[in-house]
Each structure stands twice: as C-alpha cells, then as structure tokens.
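Before any comments, here is the structure.
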Amino acid sequence: MVLNCRHVWDQISGYLDNTLDAAMRADVENHLAHCEICSAVLDSTRNILILTADDRVFELPLGYSERLHARLAEAILKGPPPEVKGSS
Amino acid sequence: MIAAILSGDHQLFHELIRPYERSVYRMALSLLKNEAEAEDAAQEAFLKAYRNLARFRSEARFSTWLITIVLNEARSRLRRSQSALTDSIDDGREDPVAPAQLTDWREIPSQSLERSEIRTLLRRALLALPLAYREVFILRELEERSVDETAEALGITQASVKMRLHRARLKLQKQLAPQLKSAVRAPRRRFSWF
C-alpha cells in the first residue's frame, strides 16, 4: 500500500518499537526511502528519545540521597514495619 | 531481602531501595514540577513503602509497587494543591499530532547534554506535556517499563499506553526538533566578526 506522510507519522511509534507487522513496516520503509521530511521526523524523534532518557536531564538534587536515608533511619529507629495493618 | 527486613533486619531497607532512589524522585518531579516538593514526595513514598512492606506481594515487582506508591503520593499532592489532574485525555478521540516537518536532521550527540541550556530545553518540553502523556512517557522511556507494567501502574489499558506514548513522542518532536536544531547548530557569536 502506498502511504502518505500523515499515515507514516501515525506509524512512527510502532516503527520505532518494532511492533508493526511486516507488510506495514515495508510500506513505511518504502515511503521513508523517498521522503526527506518523514525521514527527518523519524530520525529526530529517535534522537530526541535518546536525549530525554539521559540521566543528566533530571539530575538528583545535591544531598538528596543523604537526606532520604537520614529520614528513613529515623523511621526505622521508631519501629519495625507493621505486620499487616497500616495505611497506604 | 524483603523477608529478611520483615524478620527483623530493618537496616536492610536502606539497601533495598538504593537502586530506586532516582526513579522515584524523577517520577515525583515529573508530576509535581517542583524539586523541593518532589524530594519530599519521594521521601514520603519510601517511608510508606517501609511502613507497608508487609503488604507487598512477592508476585508483583518491587519497583512497580514503589512507582505506584509515588504516583499516588504525587497525585494526592496535586489534588490538594490544584486541579492539575483534570487535564482530560480521550484516548479514543481523533487527536492527530503533526510532527515538526524538517527536511534534514543531523544527529545531536549525547555530549550536547553537557550544556545546561540543552538539558533545560528537554526538561521544559517534558514537563509541558499533559499529565496523562507525561506519566506514560516517563514510565516507558525513562524508566524503561513494559507496556504491561505501565498500564498496571497507571490503571489504564495497554492500548491507552501505546496511544499516549505515541502522542507524547510526536509532541516532543514537534516542540524540540526545531529548538534543538537551532540551539546545537547556532554559530558561536563570540568573535564572529573576525
């Protein structure tokens, strides 16, 4: 099937996650082979996903871990986890 | 390890949660958008996990259980502070998101994240996503949870996870691709007259 650009955009996630069936994947690849815009959409989306998943985007605040474990230590000193009761 | 903690070795809880410190904070921050509040919510989530450890069922994944606790914690804080939970998303509705249409893309390498303005661009775009998309995006892309785990943690269907993730990705591409393209390729202005 010949796909237009909008159809290809709808399939971008499936293409990236490799969840398209073989026929659809081939159709998307045929389109990508001659469409500069859709190729750039695919490449930029893939690139942006790699960048956003990088740990440097959301850095932990300085001292976060120390403060967390200090607060936990207080709670642990106060007593063991209740056996079954307790609110969530 | 959980059995050992419940049998009396309570200090082991520190070790149990160490691998999840970042995930829980990041999840809280992505919902609350405020570092101090996210840290407090993350601490509260770990405390709740400790207090409710006996309720944890071993057939579930500990990390998924923790994520559920921090999601509930952050959502209840949002409910208390404002009506941010009301940005309604209809997964069945036609809501086509058109990506930014570029004619070329030169890969932006991960080294560009050394620049704080690039990190800020990415963070802002992520935090600007509608809450329902943001939750799915963080779980799938940053925490690398499966579609099933994401659906379970959020209490939505797998189809909704896929739809929201797709829309989140295209929204991010639409906003970020032009910004990153110009930010990374902007010529150095210093001494440009030479």
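Considering the stretch A:45-62, and only residues there that are assigned to a loop (DSSP other than H, G, I, E, B), in contact with a Lys or Arg (Cβ under 9 Å, 6 or more places away or on another chain) and not charged (D, E, K, R), the residue that is surrounded by the most Cβ atoms within 10 Å (Cβ to Cβ) turns out to be A:PHE58.
Between A:LEU42, A:LEU16, the distinction of being among the hydrophobic types (A, V, I, L, M, F, W, C), within 30 Å of B:SER23 (Cβ to Cβ) and surrounded by fewer than 17 Cβ atoms within 10 Å (Cβ to Cβ) belongs to A:LEU16 only. Across the stretch B:99-142, the qualifying residues are those that are more than 9 Å from chain A (Cβ to nearest Cβ) and among the acidic types (Asp, Glu), and the one among them that is surrounded by the most Cβ atoms within 10 Å (Cβ to Cβ) is B:GLU135.
Out of B:ALA28, B:ALA42, B:ALA49, report the one residue that is farther than 18 Å from A:LEU60 by Cα, modelled with pLDDT of 90 or more and in a helix (DSSP H, G or I). Reasoning before the result, please.
Numbers: B:ALA28 fails: farther than 18 Å from A:LEU60 by Cα; B:ALA42 fails: farther than 18 Å from A:LEU60 by Cα.
It is B:ALA49.
The values are calculated or read from the model by the stated rules, or taken from the named source; none is laboratory data. Computed from a prediction, not measured in an experiment: that's the story for all the values here. As a convention, Cβ positions derive from the backbone with ideal geometry for all residues, glycine included, and neighbour counts pool all protein chains shown.
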